[in-house]
Amino acid sequence: MLQRLALDPADSDARFNLARSLAWQGRYAEAEAEFLRLLESAPENADYLLGLAQVRLWSGSAEKSLPLLDKARRLKPDYEDVWRVQIQALLALGDTQHLDQARLTRNAARLRFPHRDWTYAPLDRTESAAGVVPAAPSDRNTWEVGMSHESLTRGLPNWTSRYVLGQWTVDEKTNLYGGWRETERYALADRELHLGGAFPLGSSLQIQLEAGFSDSHRVLPERYGLAGLQFQPAAGWSLGAGFRRSVYPLGLSKVIQFNVDRYTGNEQFGYTLYLGGPDGSGLSSSHRWQWTHLYSERDSIGISLNSGRETENTGATGFLTTPVSGVALSGRHRFAPDWALVWELSSLRQGDRYTRNGVRLGLRRHF
């Protein structure tokens with residue numbers, strides 16, 4: 001590129017490639033100078049405007065990139081990359097006003113590019129405790145089928161399950177979900193159905209309601225109810241609290257949880273405190289730390305750690321509270337526009353009773 005420019009300083013293709021190369025190397029001041037030279041001779045070139053906007057965004061000057069992106073969108077309204085960089089720049093600024101602009105821009109992009117993925121973690125942070133992620137309007141329905149297998153030490157029977165999950169997005173802040181699960185634990189077979197939804201109570205407050213039922217209830221609860229609140233005090237932050245009440249043949253149990261999540265760029269960091277136990281006994285506490293990286297808009301990989309004391313229903317022998325510690329690796333990977341593979345590898349030590357090592361595989365369809 002430098003040789004071509006030495007021979008012909010007016011070679012715009014060589015200068016454009018040089019500017020992009022400098023930007024990728026993190027040499028932002030030099031890259032900006034080259035893009036400005038290109039724009040002097042071609043001020044209406046959307047590629048040059050986008051390139052300079054990216055340099056300013058990457059160098060920490062997101063606000064200076066917005067006028068360039070506005071102009072590029074006016075010149076080439078069907079230039080998808082311009083829309084994506086504009087949303088990223090608005091999210092990078094982080095305040096409520098720019099977050100609202102990012103949401104409006106994304107909604108407009110969904111209408112213009114209905115078959116593309118416009119999922120962004122900071123705009124989609126209403127994930128429910130059931131692990132169901134709200135879908136975009138362009139794919140507002142989501143179905144997932146899967147199975148799990150867990151091996152227990154000390155000669156205890158393996159745990160298995162099969163499940164179907166579904167979600168229906170009503171609008172930007174309202175979604176409904178449900179699922180069916182068939183499971184086997186301690187050589188006891190159970191099945192369960194659950195239904196729930198998340199509903200707005202204001203611009204930054206959301207309520208989640210969920211109920212589950214089991215007609216077999218050998219290990220799973222006969223029925224349970226869950227209510228939770230999610231509050232978004234600022235861009236990139238989410239605070240939550242919830243209460244779950246479960247009814248078993250041998251008694252009742254409760255779990256109170258508090259969570260805080262931080263979204264920054266493509267990273268999500270979370271912490272959850274659980275306080276629970278059977279009625280008539282004190283509350284035991286456990287902790288969960290989570291990190292998730294979105295390496296594209298619908299693809300992620302993450303790790304979670306948990307420790308503390310938890311209560312489980314062992315079936316005929318009733319409730320048992322023991323120390324727990326565990327780790328889980330999980331991921332979601334799109335292999336076609338509307339299909340994704342979800343997986344999880346986990347290991348949990350349940351005091352001195354056993355260690356449970358498991359794998360879960362699922363197939364997710366968006367439409």
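The condition (being part of a strand (DSSP E or B) and either without any contact (Cβ under 8 Å) to a residue 40 or more places away in the chain or surrounded by fewer than 20 Cβ atoms within 10 Å (Cβ to Cβ) (or both)) is satisfied by just one residue among Gln268, Gln257: Gln257.
Criterion first (farther than 20 Å from Leu123 by Cα and not assigned by TED's automatic domain parsing to the domain that holds Glu267) does Ala33 satisfy it? Judged against the criteria, Ala33 is a match.
Yes or no, residue by residue, for (1) in a helix (DSSP H, G or I); (2) crowded, with 18+ Cβ neighbours inside 10 Å; (3) β-branched (Val, Ile, Thr):
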residue	(1), (2), (3)
Tyr48	yes, yes, no
Ala53	yes, yes, no
Arg56	yes, yes, no
Ser65	yes, yes, no
Ala72	yes, yes, no
Asp78	no, no, no
Gln86	yes, yes, no
Asp100	yes, no, no
Pro122	yes, yes, no
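Among the conditions (1) in contact with a helix residue (DSSP H, G or I) (Cβ under 8 Å, 6 or more places away or on another chain); (2) over 27 Å from Leu111 (Cβ atoms); (3) of a type outside the set (Asp, Glu), Asn17 misses just one, which is (1). Counting only residues that are at pLDDT 95 or above, surrounded by fewer than 16 Cβ atoms within 10 Å (Cβ to Cβ) and of a type outside the set (S, T, N, Q), region 346-367 holds 3 of them. Among the numbered conditions (1) out of contact with any Asp or Glu (no Cβ under 6 Å at 6 or more places or on another chain); (2) closer than 29 Å to Arg154 by Cβ; (3) surrounded by fewer than 19 Cβ atoms within 10 Å (Cβ to Cβ), the only one that Ser216 does not meet is (1).
Could you pull out the residue among Thr183, Thr160, Thr142 that is assigned to a strand (DSSP E or B), in contact with a Ser or Thr (Cβ under 6 Å, 6 or more places away or on another chain) and among the hydroxyl-bearing types (Ser, Thr, Tyr)? Checking each option against the conditions leaves just Thr183.
The values are calculated or read from the model by the stated rules, or taken from the named source; none is laboratory data. The structure displayed is predicted, hence computed values, not measured ones. So basically every Cβ, Gly included, is an ideal-geometry build from the backbone, and we count neighbours across all protein chains shown.
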